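Here is the structure we will look at, set down as C-alpha coordinates.
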Amino acid sequence: MIKLNEHYTEIGNSYLFAEISRRVNEYRNNHPEKKVISLGIGDITQPIAPAVVDAITKATAEMGKAKTLRGYAPYEGYDFLVQAILKHDFTDRGVAIEADEIFVSDGAKSDTGNIGDILGVDNRIAITDPAYPVYVDTNKMAGRKIELLPCTPANGFVPAFPETTADVIYLCYPNNPTGTVLTKAQLKPWVDYALTNQSLILYDAAYEAYVSEADVPHSIFEIEGAREVAIEFRSFSKTAGFTGLRAGYTVVPKSLTAKTSKGEILSLNAMWRRRQSTKFNGTAYVIQRGAEAVYSPEGQRQTKETIAYYMQNAKIIKSGLESLGLQCYGGVNAPYIWCQTPDNMTSWDFFDLLLNKVQVVGTPGSGFGAAGEGFFRFTAFGHKEDTQEAVERIKEVKS
Ligand code: PLP
(Lines give C-alpha, C1' and ligand atoms only; values in the text may rest on other atoms or scores of the structure.)
Protein backbone atom coordinates (compact mmCIF):
# COMPACT_ATOMS: atom_id res chain seq x y z
CA MET A 1 0.00 0.00 0.00
CA ILE A 2 1.19 3.49 -0.79
CA LYS A 3 2.38 5.46 2.24
CA LEU A 4 1.26 9.05 2.55
CA ASN A 5 3.44 11.95 3.63
CA GLU A 6 1.79 12.01 7.08
CA HIS A 7 2.51 15.67 7.54
CA TYR A 8 -0.27 16.40 5.04
CA THR A 9 -2.76 15.17 7.63
CA GLU A 10 -1.66 18.03 9.90
CA ILE A 11 -2.69 20.86 7.59
CA GLY A 12 -6.41 20.09 7.35
CA ASN A 13 -8.52 19.94 4.22
CA SER A 14 -10.26 23.23 4.00
CA TYR A 15 -8.27 26.04 2.53
CA LEU A 16 -9.66 29.34 3.85
CA PHE A 17 -10.97 30.58 0.51
CA ALA A 18 -12.63 27.24 -0.24
CA GLU A 19 -14.68 27.58 2.97
CA ILE A 20 -15.57 31.17 2.07
CA SER A 21 -16.79 30.14 -1.40
CA ARG A 22 -18.75 27.27 0.11
CA ARG A 23 -20.65 29.65 2.41
CA VAL A 24 -21.12 32.26 -0.33
CA ASN A 25 -22.37 29.67 -2.85
CA GLU A 26 -24.80 28.27 -0.31
CA TYR A 27 -26.10 31.79 0.36
CA ARG A 28 -26.39 32.52 -3.39
CA ASN A 29 -28.31 29.28 -3.99
CA ASN A 30 -30.77 30.16 -1.25
CA HIS A 31 -31.06 33.85 -2.24
CA PRO A 32 -30.54 34.05 -6.03
CA GLU A 33 -32.14 37.53 -6.14
CA LYS A 34 -29.51 39.14 -3.88
CA LYS A 35 -26.32 40.79 -5.21
CA VAL A 36 -23.32 39.68 -3.19
CA ILE A 37 -20.30 42.04 -3.19
CA SER A 38 -16.94 40.46 -2.49
CA LEU A 39 -14.15 42.35 -0.79
CA GLY A 40 -12.72 38.97 0.15
CA ILE A 41 -10.06 37.17 -1.90
CA GLY A 42 -7.14 39.38 -2.89
CA ASP A 43 -7.51 39.11 -6.65
CA ILE A 44 -7.31 41.96 -9.13
CA THR A 45 -10.30 43.43 -10.98
CA GLN A 46 -8.73 46.10 -13.21
CA PRO A 47 -7.53 45.32 -16.75
CA ILE A 48 -3.86 44.69 -17.36
CA ALA A 49 -1.89 47.73 -18.55
CA PRO A 50 -2.06 48.27 -22.35
CA ALA A 51 1.77 48.39 -22.51
CA VAL A 52 1.89 44.87 -21.03
CA VAL A 53 -0.88 43.54 -23.29
CA ASP A 54 0.92 44.98 -26.35
CA ALA A 55 4.23 43.37 -25.34
CA ILE A 56 2.56 39.98 -24.79
CA THR A 57 0.71 40.24 -28.13
CA LYS A 58 3.92 41.10 -29.98
CA ALA A 59 5.80 38.27 -28.26
CA THR A 60 3.00 35.83 -29.12
CA ALA A 61 3.32 36.78 -32.80
CA GLU A 62 7.08 36.06 -32.58
CA MET A 63 6.23 32.52 -31.44
CA GLY A 64 4.37 31.96 -34.73
CA LYS A 65 7.47 32.47 -36.88
CA ALA A 66 10.35 30.03 -37.19
CA LYS A 67 12.89 32.87 -37.08
CA THR A 68 11.69 34.37 -33.80
CA LEU A 69 10.32 31.26 -32.09
CA ARG A 70 11.53 30.65 -28.52
CA GLY A 71 11.48 27.30 -26.78
CA TYR A 72 12.41 26.58 -23.18
CA ALA A 73 13.33 29.75 -21.33
CA PRO A 74 16.49 29.99 -19.20
CA TYR A 75 15.74 28.64 -15.71
CA GLU A 76 16.66 31.97 -14.11
CA GLY A 77 14.77 34.13 -16.62
CA TYR A 78 15.71 35.92 -19.85
CA ASP A 79 18.45 38.47 -19.54
CA PHE A 80 16.16 41.25 -20.90
CA LEU A 81 13.86 40.83 -17.86
CA VAL A 82 16.62 40.23 -15.31
CA GLN A 83 18.35 43.45 -16.45
CA ALA A 84 15.08 45.43 -16.27
CA ILE A 85 14.41 44.14 -12.73
CA LEU A 86 17.98 44.85 -11.67
CA LYS A 87 17.94 48.44 -12.96
CA HIS A 88 14.47 49.54 -11.84
CA ASP A 89 13.92 47.62 -8.61
CA PHE A 90 17.46 47.78 -7.23
CA THR A 91 20.24 49.77 -8.96
CA ASP A 92 18.12 52.90 -9.52
CA ARG A 93 17.10 52.75 -5.85
CA GLY A 94 20.73 52.49 -4.75
CA VAL A 95 20.45 48.83 -3.71
CA ALA A 96 23.40 46.56 -4.58
CA ILE A 97 22.14 43.33 -6.18
CA GLU A 98 23.79 41.38 -9.01
CA ALA A 99 22.08 39.86 -12.06
CA ASP A 100 22.92 36.27 -11.07
CA GLU A 101 21.20 36.78 -7.71
CA ILE A 102 17.82 37.24 -9.45
CA PHE A 103 15.68 34.18 -10.30
CA VAL A 104 12.58 34.86 -12.41
CA SER A 105 9.70 32.51 -11.60
CA ASP A 106 5.99 31.93 -12.09
CA GLY A 107 5.15 33.83 -8.92
CA ALA A 108 5.82 34.31 -5.24
CA LYS A 109 3.49 31.54 -4.08
CA SER A 110 5.62 28.88 -5.76
CA ASP A 111 8.86 30.39 -4.54
CA THR A 112 7.79 30.99 -0.92
CA GLY A 113 6.39 27.45 -0.92
CA ASN A 114 9.38 25.82 -2.63
CA ILE A 115 12.24 27.55 -0.82
CA GLY A 116 11.93 24.94 1.93
CA ASP A 117 13.31 22.36 -0.54
CA ILE A 118 16.82 23.66 0.08
CA LEU A 119 16.47 24.05 3.87
CA GLY A 120 16.95 21.26 6.40
CA VAL A 121 13.92 19.79 8.16
CA ASP A 122 15.40 20.45 11.60
CA ASN A 123 15.62 24.23 11.17
CA ARG A 124 13.60 26.12 13.78
CA ILE A 125 11.06 28.25 11.95
CA ALA A 126 9.45 31.51 13.12
CA ILE A 127 6.39 32.87 11.31
CA THR A 128 4.36 35.97 12.11
CA ASP A 129 0.74 35.34 13.14
CA PRO A 130 -1.56 36.09 11.30
CA ALA A 131 0.18 35.19 8.02
CA TYR A 132 -0.26 34.30 4.37
CA PRO A 133 -1.12 30.59 4.84
CA VAL A 134 1.59 29.24 2.50
CA TYR A 135 4.40 29.74 5.05
CA VAL A 136 2.79 27.69 7.83
CA ASP A 137 1.29 25.01 5.59
CA THR A 138 4.44 24.30 3.56
CA ASN A 139 6.54 24.04 6.71
CA LYS A 140 4.00 21.70 8.25
CA MET A 141 4.05 19.61 5.06
CA ALA A 142 7.80 19.25 5.53
CA GLY A 143 7.42 18.36 9.22
CA ARG A 144 9.20 21.42 10.61
CA LYS A 145 8.63 22.93 14.06
CA ILE A 146 7.11 26.42 13.93
CA GLU A 147 7.03 29.20 16.50
CA LEU A 148 4.36 31.79 15.80
CA LEU A 149 5.04 35.46 16.45
CA PRO A 150 1.74 37.24 17.24
CA CYS A 151 1.17 40.60 15.57
CA THR A 152 -1.65 42.50 17.26
CA PRO A 153 -2.61 46.07 18.17
CA ALA A 154 -0.88 45.45 21.54
CA ASN A 155 2.54 45.30 19.86
CA GLY A 156 1.63 47.68 17.04
CA PHE A 157 1.83 44.69 14.64
CA VAL A 158 5.60 44.57 15.15
CA PRO A 159 6.52 40.98 16.06
CA ALA A 160 8.70 40.30 19.08
CA PHE A 161 11.79 38.13 18.60
CA PRO A 162 11.12 34.36 18.96
CA GLU A 163 11.45 32.78 22.42
CA THR A 164 13.63 30.04 20.96
CA THR A 165 16.29 31.30 18.58
CA ALA A 166 14.97 30.82 15.05
CA ASP A 167 17.05 29.56 12.14
CA VAL A 168 14.54 30.77 9.56
CA ILE A 169 12.16 33.73 9.94
CA TYR A 170 9.31 34.60 7.57
CA LEU A 171 8.53 38.31 7.31
CA CYS A 172 5.99 39.74 4.88
CA TYR A 173 5.85 43.53 4.43
CA PRO A 174 3.64 45.25 3.43
CA ASN A 175 1.75 42.54 5.25
CA ASN A 176 -0.96 40.26 4.02
CA PRO A 177 -3.39 40.09 5.82
CA THR A 178 -2.95 43.04 8.22
CA GLY A 179 -1.88 45.67 5.67
CA THR A 180 0.68 46.92 8.22
CA VAL A 181 4.34 47.67 7.50
CA LEU A 182 7.70 47.85 9.24
CA THR A 183 9.64 51.07 8.84
CA LYS A 184 13.34 50.82 8.02
CA ALA A 185 14.06 51.46 11.71
CA GLN A 186 11.73 48.59 12.71
CA LEU A 187 13.15 46.16 10.15
CA LYS A 188 16.80 46.84 11.03
CA PRO A 189 16.63 45.00 14.42
CA TRP A 190 15.43 41.88 12.54
CA VAL A 191 18.41 42.04 10.20
CA ASP A 192 20.66 42.50 13.25
CA TYR A 193 18.94 39.57 15.01
CA ALA A 194 19.60 37.37 11.97
CA LEU A 195 23.23 38.52 11.76
CA THR A 196 23.78 37.76 15.46
CA ASN A 197 22.05 34.38 15.40
CA GLN A 198 23.11 33.29 11.90
CA SER A 199 19.44 33.07 10.89
CA LEU A 200 17.90 33.42 7.46
CA ILE A 201 15.06 35.92 6.83
CA LEU A 202 12.60 34.94 4.10
CA TYR A 203 11.20 38.34 3.15
CA ASP A 204 7.99 38.40 1.12
CA ALA A 205 7.66 41.79 -0.57
CA ALA A 206 4.77 40.87 -2.90
CA TYR A 207 3.01 44.17 -2.05
CA GLU A 208 6.08 46.41 -2.32
CA ALA A 209 4.45 48.49 -5.09
CA TYR A 210 1.85 49.75 -2.59
CA VAL A 211 4.40 51.40 -0.29
CA SER A 212 3.67 55.13 -0.18
CA GLU A 213 5.62 56.37 2.84
CA ALA A 214 9.30 57.32 2.61
CA ASP A 215 10.46 55.54 5.78
CA VAL A 216 8.98 52.20 4.66
CA PRO A 217 11.42 50.02 2.69
CA HIS A 218 10.47 48.51 -0.69
CA SER A 219 13.13 45.84 -0.26
CA ILE A 220 14.85 44.30 2.76
CA PHE A 221 18.10 44.91 0.88
CA GLU A 222 17.70 48.62 1.67
CA ILE A 223 18.73 47.63 5.21
CA GLU A 224 22.46 47.40 5.93
CA GLY A 225 23.58 43.80 6.43
CA ALA A 226 20.53 42.23 4.76
CA ARG A 227 22.63 40.73 1.94
CA GLU A 228 24.20 38.46 4.58
CA VAL A 229 20.88 37.18 5.95
CA ALA A 230 17.90 37.56 3.59
CA ILE A 231 16.15 36.07 0.59
CA GLU A 232 13.48 38.31 -0.96
CA PHE A 233 10.36 37.28 -2.91
CA ARG A 234 8.71 39.62 -5.40
CA SER A 235 5.65 39.25 -7.57
CA PHE A 236 4.17 40.93 -10.64
CA SER A 237 0.71 39.81 -9.46
CA LYS A 238 -0.29 42.82 -7.39
CA THR A 239 2.28 45.18 -8.92
CA ALA A 240 0.92 44.81 -12.44
CA GLY A 241 -2.10 42.48 -12.42
CA PHE A 242 -0.23 39.24 -13.25
CA THR A 243 -2.35 36.95 -11.03
CA GLY A 244 -3.55 35.15 -14.16
CA LEU A 245 -0.38 35.67 -16.23
CA ARG A 246 2.07 34.40 -13.57
CA ALA A 247 5.46 36.00 -13.01
CA GLY A 248 7.57 36.87 -10.02
CA TYR A 249 11.18 36.67 -8.95
CA THR A 250 13.32 35.76 -5.99
CA VAL A 251 16.58 37.38 -4.95
CA VAL A 252 19.12 35.03 -3.38
CA PRO A 253 22.36 36.91 -2.56
CA LYS A 254 25.58 35.02 -3.26
CA SER A 255 26.76 35.87 0.25
CA LEU A 256 24.17 33.52 1.84
CA THR A 257 25.37 30.16 3.03
CA ALA A 258 24.06 27.17 4.98
CA LYS A 259 25.79 24.28 6.71
CA THR A 260 25.47 20.53 6.05
CA SER A 261 25.44 18.03 8.93
CA LYS A 262 29.10 17.29 8.05
CA GLY A 263 29.93 20.95 8.58
CA GLU A 264 30.33 21.81 4.90
CA ILE A 265 29.37 25.42 4.07
CA LEU A 266 27.38 25.72 0.83
CA SER A 267 25.95 28.62 -1.15
CA LEU A 268 22.16 29.07 -0.98
CA ASN A 269 22.29 30.86 -4.35
CA ALA A 270 23.93 27.77 -5.91
CA MET A 271 21.43 25.45 -4.17
CA TRP A 272 18.41 27.47 -5.31
CA ARG A 273 19.80 27.46 -8.89
CA ARG A 274 20.19 23.67 -8.59
CA ARG A 275 16.64 23.32 -7.24
CA GLN A 276 15.09 25.52 -9.93
CA SER A 277 16.98 23.88 -12.80
CA THR A 278 15.79 20.48 -11.58
CA LYS A 279 12.14 21.21 -10.80
CA PHE A 280 11.24 24.35 -12.79
CA ASN A 281 11.37 24.92 -16.55
CA GLY A 282 11.24 28.68 -16.76
CA THR A 283 8.54 31.35 -17.06
CA ALA A 284 6.90 31.62 -20.50
CA TYR A 285 8.73 33.93 -22.95
CA VAL A 286 5.59 35.93 -23.74
CA ILE A 287 4.91 36.51 -20.05
CA GLN A 288 8.49 37.62 -19.44
CA ARG A 289 8.10 40.15 -22.28
CA GLY A 290 4.93 41.35 -20.54
CA ALA A 291 6.81 41.68 -17.25
CA GLU A 292 9.60 43.60 -19.01
CA ALA A 293 6.98 46.06 -20.31
CA VAL A 294 5.92 46.84 -16.72
CA TYR A 295 9.23 48.72 -16.44
CA SER A 296 8.75 50.78 -19.65
CA PRO A 297 7.71 54.43 -19.11
CA GLU A 298 4.13 53.69 -20.28
CA GLY A 299 4.04 50.46 -18.25
CA GLN A 300 5.14 52.34 -15.14
CA ARG A 301 2.57 55.09 -15.65
CA GLN A 302 -0.27 52.68 -16.37
CA THR A 303 0.44 50.24 -13.53
CA LYS A 304 0.84 53.12 -11.06
CA GLU A 305 -2.57 54.45 -12.14
CA THR A 306 -4.14 51.08 -11.34
CA ILE A 307 -2.42 50.95 -7.95
CA ALA A 308 -3.73 54.46 -7.22
CA TYR A 309 -7.23 53.24 -8.16
CA TYR A 310 -6.99 50.37 -5.67
CA MET A 311 -5.57 52.62 -2.99
CA GLN A 312 -8.52 54.98 -3.48
CA ASN A 313 -10.71 51.97 -2.65
CA ALA A 314 -8.57 51.36 0.44
CA LYS A 315 -9.32 54.93 1.58
CA ILE A 316 -13.05 54.45 0.98
CA ILE A 317 -13.09 51.26 3.06
CA LYS A 318 -10.90 52.57 5.85
CA SER A 319 -12.67 55.90 6.30
CA GLY A 320 -16.11 54.24 5.99
CA LEU A 321 -15.35 51.66 8.68
CA GLU A 322 -13.67 54.20 10.92
CA SER A 323 -16.74 56.43 10.69
CA LEU A 324 -18.62 53.53 12.29
CA GLY A 325 -16.18 53.49 15.17
CA LEU A 326 -14.47 50.30 13.99
CA GLN A 327 -10.74 50.14 14.67
CA CYS A 328 -8.86 49.64 11.37
CA TYR A 329 -5.24 49.01 10.51
CA GLY A 330 -3.36 48.95 7.19
CA GLY A 331 -4.72 50.44 3.99
CA VAL A 332 -2.01 53.12 3.69
CA ASN A 333 0.99 51.20 2.31
CA ALA A 334 -1.01 48.08 1.40
CA PRO A 335 -4.25 47.14 -0.36
CA TYR A 336 -5.66 45.44 2.75
CA ILE A 337 -7.64 46.85 5.66
CA TRP A 338 -7.53 44.83 8.87
CA CYS A 339 -10.53 45.68 10.96
CA GLN A 340 -11.40 44.73 14.52
CA THR A 341 -14.81 43.03 14.61
CA PRO A 342 -17.53 44.90 16.52
CA ASP A 343 -18.68 43.80 19.99
CA ASN A 344 -15.93 41.15 20.29
CA MET A 345 -17.58 38.99 17.63
CA THR A 346 -15.55 36.09 16.28
CA SER A 347 -14.23 36.57 12.76
CA TRP A 348 -16.57 33.91 11.30
CA ASP A 349 -19.62 35.32 13.16
CA PHE A 350 -18.88 38.71 11.62
CA PHE A 351 -18.47 37.01 8.22
CA ASP A 352 -21.90 35.38 8.54
CA LEU A 353 -23.47 38.62 9.76
CA LEU A 354 -22.17 40.64 6.79
CA LEU A 355 -23.08 37.94 4.28
CA ASN A 356 -26.58 37.30 5.60
CA LYS A 357 -27.57 40.87 6.47
CA VAL A 358 -25.97 42.97 3.71
CA GLN A 359 -24.43 40.46 1.29
CA VAL A 360 -20.87 41.73 1.72
CA VAL A 361 -18.03 39.21 1.76
CA GLY A 362 -14.70 39.74 3.49
CA THR A 363 -12.11 37.36 4.88
CA PRO A 364 -12.28 36.18 8.50
CA GLY A 365 -9.04 37.07 10.24
CA SER A 366 -8.90 33.77 12.12
CA GLY A 367 -8.32 32.03 8.78
CA PHE A 368 -4.82 33.56 8.77
CA GLY A 369 -3.88 32.25 12.23
CA ALA A 370 -5.01 32.32 15.85
CA ALA A 371 -3.87 35.92 16.37
CA GLY A 372 -6.27 36.93 13.59
CA GLU A 373 -9.32 35.95 15.66
CA GLY A 374 -11.55 38.96 16.23
CA PHE A 375 -10.33 40.62 13.02
CA PHE A 376 -11.61 40.84 9.47
CA ARG A 377 -9.74 41.58 6.23
CA PHE A 378 -11.19 43.73 3.47
CA THR A 379 -9.37 44.02 0.16
CA ALA A 380 -9.08 47.14 -1.96
CA PHE A 381 -8.93 45.11 -5.19
CA GLY A 382 -12.62 45.54 -6.04
CA HIS A 383 -14.38 47.89 -8.43
CA LYS A 384 -14.80 51.37 -6.98
CA GLU A 385 -18.61 51.35 -7.29
CA ASP A 386 -18.86 47.95 -5.54
CA THR A 387 -16.49 49.10 -2.82
CA GLN A 388 -18.56 52.22 -2.18
CA GLU A 389 -21.77 50.20 -2.13
CA ALA A 390 -20.29 47.59 0.23
CA VAL A 391 -19.26 50.29 2.68
CA GLU A 392 -22.72 51.90 2.55
CA ARG A 393 -24.29 48.50 3.20
CA ILE A 394 -22.01 47.84 6.20
CA LYS A 395 -23.14 51.19 7.60
CA GLU A 396 -26.73 49.84 7.53
CA VAL A 397 -25.75 46.88 9.74
CA LYS A 398 -24.25 49.16 12.33
CA SER A 399 -27.09 51.68 12.37
N1 PLP B 1 2.82 36.46 -1.03
C2 PLP B 1 1.78 37.08 -0.46
C3 PLP B 1 1.95 37.72 0.86
C4 PLP B 1 0.53 37.08 -1.09
O5 PLP B 1 -0.52 37.68 -0.51
C6 PLP B 1 0.38 36.45 -2.34
C7 PLP B 1 -0.89 36.42 -3.05
O8 PLP B 1 -1.95 36.70 -2.58
C9 PLP B 1 1.49 35.83 -2.88
C10 PLP B 1 2.70 35.85 -2.21
C11 PLP B 1 1.37 35.07 -4.16
O12 PLP B 1 1.82 35.80 -5.22
P13 PLP B 1 1.89 35.18 -6.67
O14 PLP B 1 0.61 35.51 -7.36
O15 PLP B 1 3.08 35.86 -7.28
O16 PLP B 1 2.10 33.71 -6.57
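What the table below lists for this structure:
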{"quantity": "Probe 1.4 Å, protein heavy atoms only - accessible area per residue of region 50-296 in square angstrom", "calculated": "41"}
{"quantity": "Which listed pairs, of LYS109/LYS279; LYS34/LYS384; LYS254/LYS279; LYS3/LYS262; LYS109/LYS238; LYS3/LYS140, have C-alpha distances above 23 Å, in listed order", "calculated": "LYS3/LYS262"}
{"quantity": "Estimated 222 nm signal from helices in the chain, with DSSP H stretches of n ≥ 4 weighted -39500 (n - 2.57), rounded to 500", "calculated": "-11500 deg cm²/dmol"}
{"quantity": "Contour excess over end-to-end distance, with Cα ends at GLU147 and ARG393 and 0.36 nm allotted per residue", "calculated": "84.6 nm"}
{"quantity": "From phi via Karplus (6.51, -1.76, 1.60), per-residue ³J(HN,Hα) for region 144-151 in Hz, x at Gly/Pro", "calculated": "8, 7, 10, 10, 8, 10, x, 10"}
{"quantity": "Kirkwood Rh in Å, taken over region 344-399 so that all alpha-carbon pairs contribute", "calculated": "11.6"}
{"quantity": "GluC sites (Glu not before Pro) within region 61-110: DSSP coil, no more than 16 neighbouring Cβ in 10 Å", "calculated": "GLU98"}
{"quantity": "DSSP-assigned coil residues among GluC sites (Glu not before Pro) in region 250-334, each with at most 14 further Cβ atoms within 10 Å", "calculated": "GLU264"}
{"quantity": "Dipole in debye (nearest 20) - region 50-296, about Cα centre, beta carbon charges: Lys, Arg +1; Asp, Glu -1", "calculated": "800"}
{"quantity": "³J(HN,Hα), Karplus 6.51/-1.76/1.60, whole Hz, each residue of region 289-298, x for Gly, Pro", "calculated": "5, x, 5, 4, 5, 4, 8, 6, x, 5"}
{"quantity": "Loop chymotrypsin sites (Phe, Trp or Tyr not before Pro), region 45-109, which have at most 15 other Cβ atoms in a 10 Å radius of their Cβ (DSSP)", "calculated": "TYR72"}
{"quantity": "Whole-Å semi-axes of the ellipsoid equivalent to region 50-296 (Cα gyration tensor, √5λ, descending)", "calculated": "31, 21, 16"}
{"quantity": "Carbon and sulfur %, accessible surface of the chain computed with the full protein complex present, 1.4 Å", "calculated": "52"}
{"quantity": "Per residue convex hull volume, Cα atoms of region 261-399, in Å³", "calculated": "198"}
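The values are calculated or read from the model by the stated rules, or taken from the named source; none is laboratory data. Given the structure is predicted, the values throughout are model-derived calculations rather than measurements. Reconstructed Cβ throughout: ideal geometry from the backbone, glycine too, with neighbour counts over all protein chains shown. Keep in mind that these areas ignore ligands, DNA and RNA; they rest on the heavy atoms of the full protein, side chains included. Shrake-Rupley method; radii C 1.70, N 1.55, O 1.52, S 1.80 Å.
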